Amino acid sequence: MEWNCRLKSWACWALGSLIATTALAQDSAPNGSAWGSKKSSWLLLQGGQREDVFAFAERLKDYLNVARTAQTSTTELLRMAKAAGFAEFTRPDQVKPGARLILPARERALVLAVIGSRPLTEGSRLVGTHHDSPHIDLKPRPVVPAAQGGLALFKTMYYGGIKKHQWANVPLALVGRIDTPDGRHIDVSIGLAPGDPVFVIGDNAPHSDRDLRTRTYQDVFKGEELDPVVGSVPAEKSGVVAEVLRALKDKYAIQEEDFVSADLQLVPATLPRDVGIDRGLLGAYGQDDRLSTYCAAQAVMAVAGTPALTALAYVSNFEEVGSINNTGAASQVLNGVYARLVGAQRAGAYSDLDLRQALRRAQVVSADTNDGLNPLFPETSEPSNSAKVGYGVTIKRYGRGFDANSEYTAFVRGILDRAGIPWQTQTPKVDVGGGGTIGGFMSREEMEVIDLGVPLISMHSTFEMSSKVDAWNFFRFMKAFYAAP
Ligand SMILES: [Zn+2]
């Protein structure tokens, strides 16, 4: 879920916290209300479902461990899809009922589709997610000497709505690609393998930070201070920067100017872990929104045989900065996929009206994690309409950008209820919270769209927490959505 502090100011957030004077007892639901009797999803598990929840979480952790960026996520999703019998779309005659197809977008986004028995112009079911997460990008001239102290630093530009201080003192890995004018594509990964070096943004010691203590919450670190150490050993005749550049040039056979044509991201190098003595929570970087991405990919791969309506999982990029660029949801990637599939089904009779009808009749779940009620800061949520971790799939209303109509919301509620999947709702505190998803870009195409998610704690931090039972229920919902009559 996008949080852009240029659109919603942190001052607004802080003011809201100030206004909230009561410490809110989250579990004190209104007397006599249906919402007061909702149980933790853990208490609703039957038979071997608890084992299923934990097994699903292990596979999710494996994916989160390798899928640290949109690119590495794409690579992993392609691997999983091919293992599940999906083939890359190259020719219109592949679009037959039951076909399992991959429609990639520039190695950074993709659509997985299982073609239904009915044509797309009669309807389709799509789950849309994003697999970019907040991170720190390298500037095109990335290696510089520190002003003092004899170290070399990476110059960086943060990506997405982050609380900058959370990225200090965390081991960071450098992941991405470099492309060269002579046509080479070089994959870069430093910091994820055991024994790899990592990069760290160094905070000030409490012994000497008196002059920094008046900084406000959002400026504990400033944007230009998010520069991790990249080297410390100088050569006899040249400085430490020259040594860093020499090491990188030797390792990847590149020139310094090649950093200009590179997509290199600093991401937390920490491993996904279980949180709590009962292991009920999953802690990992990048769950917004690779948690939903994994659920959607697994759900579409679990579609067996030929569904009535074509089932699609759309994994987009750049959501955290407004779905920009040519693999973001504001681009024509999804329309292009629909045009290719509808064009294959209509062949010579295809017209723009067919595409518009297919889009208008598509039913979409915009799946994205959302802010869960924080046990330490309940006053930043409005508890009567907030989501709790472990209490089910979230129906989001009045987030930002778009909202589902009542009849489609009722349709989705019916799917949840018939499949026995616990659900709750989420509406941000008025004038305080909010966040965008890719749903608005699809509702703009006249698709029927609802915004669903699961709650996270420590959202957009370097280590987000989700409930394992929520992730499993989200996956089960998506399967039921694809199969629903
Ligand atoms: Zn987000």
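Tyr398 meets the conditions (1) aromatic (Phe, Trp, Tyr); (2) in a helix (DSSP H, G or I); (3) more than 16 Å from the ligand (Cβ to nearest atom) in every case but one. The failed one is (2). When Thr22, Thr75, Thr90 are checked against the criterion of being surrounded by fewer than 12 Cβ atoms within 10 Å (Cβ to Cβ) and either within 16 Å of the ligand (Cβ to nearest atom) or modelled with pLDDT of 95 or more (or both), Thr90 stands alone in meeting it.
When Leu355, Leu291, Leu359 are screened for being closer than 28 Å to Lys163 by Cα and either away from the ligand (no atom under 16 Å from the Cβ) or under 24 Å from the mean Cα position of the chain (by Cα) (or both), only Leu291 passes.
In the set Asn317, Asn335, which member is away from the ligand (no atom under 16 Å from the Cβ) and either out of contact with any strand residue (DSSP E or B) (no Cβ under 7 Å at 6 or more places or on another chain) or modelled with pLDDT of 95 or more (or both)?
Values: Asn317 fails: away from the ligand (no atom under 16 Å from the Cβ).
That would be Asn335, the only listed residue that is away from the ligand (no atom under 16 Å from the Cβ) and either out of contact with any strand residue (DSSP E or B) (no Cβ under 7 Å at 6 or more places or on another chain) or modelled with pLDDT of 95 or more (or both).
Those residues that are part of a strand (DSSP E or B), within 16 Å of the ligand (Cβ to nearest atom) and within 18 Å of Val315 (Cβ to Cβ), I need them from region 439-465; list them, please. Don't jump to the end; show me each part of the working.
First, the residues of region 439-465 that are part of a strand (DSSP E or B): 448-453, 455-457, 464-465.
Now drop any that are not within 16 Å of the ligand (Cβ to nearest atom), which leaves 451-453, 455-457, 464-465.
If the condition is that a residue be part of a strand (DSSP E or B), within 16 Å of the ligand (Cβ to nearest atom) and within 18 Å of Val315 (Cβ to Cβ), then Asp451, Leu452, Gly453 are the ones that fit.
The residue pairs whose first member lies in region 226-252 and is in contact (Cβ under 8 Å) with a residue 24 or more places away in the chain, whose second member is crowded, with 18+ Cβ neighbours inside 10 Å and of a type in the set (S, T, N, Q), and whose beta carbons are closer than 9 Å, counting only pairs six or more residues apart or on different chains, are Leu226/Thr156; Asp227/Thr156; Pro228/Thr156. Right, Tyr391: in contact (Cβ under 8 Å) with a residue 40 or more places away in the chain, out of contact with any Cys (no Cβ under 6 Å at 6 or more places or on another chain) and part of a loop (DSSP other than H, G, I, E, B) or not? Taking the combined requirement at face value, the residue satisfies it.
Is it true that some residue in region 77-90 is touching a helix residue (DSSP H, G or I) at 6+ places or on another chain (Cβ under 6 Å) and closer than 30 Å to Asp263 by Cα? Explain how you work it out, then say what you get.
Kept after step one, since they are touching a helix residue (DSSP H, G or I) at 6+ places or on another chain (Cβ under 6 Å), are these residues of region 77-90: 77, 84.
Keeping just the survivors that are closer than 30 Å to Asp263 by Cα gives 77, 84.
Yes; the residues of region 77-90 include at least one that is touching a helix residue (DSSP H, G or I) at 6+ places or on another chain (Cβ under 6 Å) and closer than 30 Å to Asp263 by Cα.
When Asn405 is tested against (1) buried (at least 16 other Cβ atoms within 10 Å of the Cβ); (2) polar (S, T, N, Q); (3) under 30 Å from Lys39 (Cβ atoms), only condition (1) is not met.
Considering only residues that are surrounded by 16 or more Cβ atoms within 10 Å (Cβ to Cβ) and more than 21 Å from the chain's Cα centre (by Cα), look in region 129-143 and name the one that is farthest from the ligand (Cβ to nearest atom). Give the steps one after another, and end with the answer.
Kept after step one, since they are surrounded by 16 or more Cβ atoms within 10 Å (Cβ to Cβ), are these residues of region 129-143: 129-138, 142-143.
Cutting the leftovers down to more than 21 Å from the chain's Cα centre (by Cα) gives us 142-143.
On the way: Pro142: 25, Val143: 29 Å.
Checked region 129-143; the qualifying residue farthest from the ligand (Cβ to nearest atom) is Val143.
Can you say whether Ala297 is at pLDDT 95 or above, among the aliphatic types (A, V, I, L, M) and more than 16 Å from the ligand (Cβ to nearest atom), as far as the supplied structure shows? It is true that Ala297 is at pLDDT 95 or above, among the aliphatic types (A, V, I, L, M) and more than 16 Å from the ligand (Cβ to nearest atom). Counted as qualifying within region 139-252 are the strands (runs of 3 or more DSSP E) with 3 or more residues that are closer than 26 Å to Glu107 by Cα and in contact with a helix residue (DSSP H, G or I) (Cβ under 7 Å, 6 or more places away or on another chain), namely 172-179. In this entry, Ser117 is excluded by the filter for residues that are assigned to a strand (DSSP E or B), surrounded by fewer than 17 Cβ atoms within 10 Å (Cβ to Cβ) and either in contact with a strand residue (DSSP E or B) (Cβ under 9 Å, 6 or more places away or on another chain) or not charged (D, E, K, R) (or both).
Do we have Asp274 as outside the structural domain of Pro194 (by TED's automatic domain parsing) and outside any loop (DSSP other than H, G, I, E, B) here?
Yes: the conditions hold for Asp274.
The values are calculated or read from the model by the stated rules, or taken from the named source; none is laboratory data. Because the structure is a prediction, the values reported are computed rather than measured. Note that we place each Cβ from the backbone using ideal geometry, even for glycine, and neighbour counts take in every protein chain shown.
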